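Quick note: the coordinates plus some simple rules give every number you see, no bench work behind them. Computed from a predicted structure; not experimentally measured. Backbone-built Cβ (ideal geometry, glycine too); neighbour counts: all protein chains shown.
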Amino acid sequence: MALSVLVVLLLAVLYEGIKVGKAKLLHHTLMSLPIGTSQQLILETDRDSAGSDSPPASSTNLRWFLCHFGQSLVHVIQVVIGYFMMLAVMSYNTWIFLGVVLGSAVGYYLAYPLLRLV
């Protein structure tokens, strides 16, 4: 039982860490892309939909796609861990519930000061 509580506690800490990592990844992605990237992507999409011959995808589009793909993977991992924690709490075991609550508190305490380092 103690091992189960420890595993759930660590999952909750990991969940909070992933939330912070996701925010830092988004910030890093937005800072690495040029300012006019969104306008450039809209113009290229309009040009492609018009049927005109356009050059192959630029490195900016590839970088944007890779960043978006990374964000999506991190989001899926966060959702899966969140559902695992929800299932653990739904076992109606008081110790497991306290492990999730304590893990979330410890994760928040440890991870959120890292956001200032962005």
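Packing here is the average count of other Cβ atoms within 10 Å per residue, and on that basis the peptides 14-26, 60-72, highest first, run 14-26, 60-72.
Taking square-rooted eigenvalues a ≥ b ≥ c of the alpha carbon gyration tensor, is the range 63-118 rounded, prolate or oblate, where a/c under 1.5 means rounded and, failing that, a/b exceeding b/c means prolate? Oblate, since a/c reaches 1.5 and b/c is not below a/b.
Other residues lying with their Cβ under 14 Å from the Cβ of Tyr112 contribute a combined charge of +3, Lys and Arg counting +1, Asp and Glu -1.
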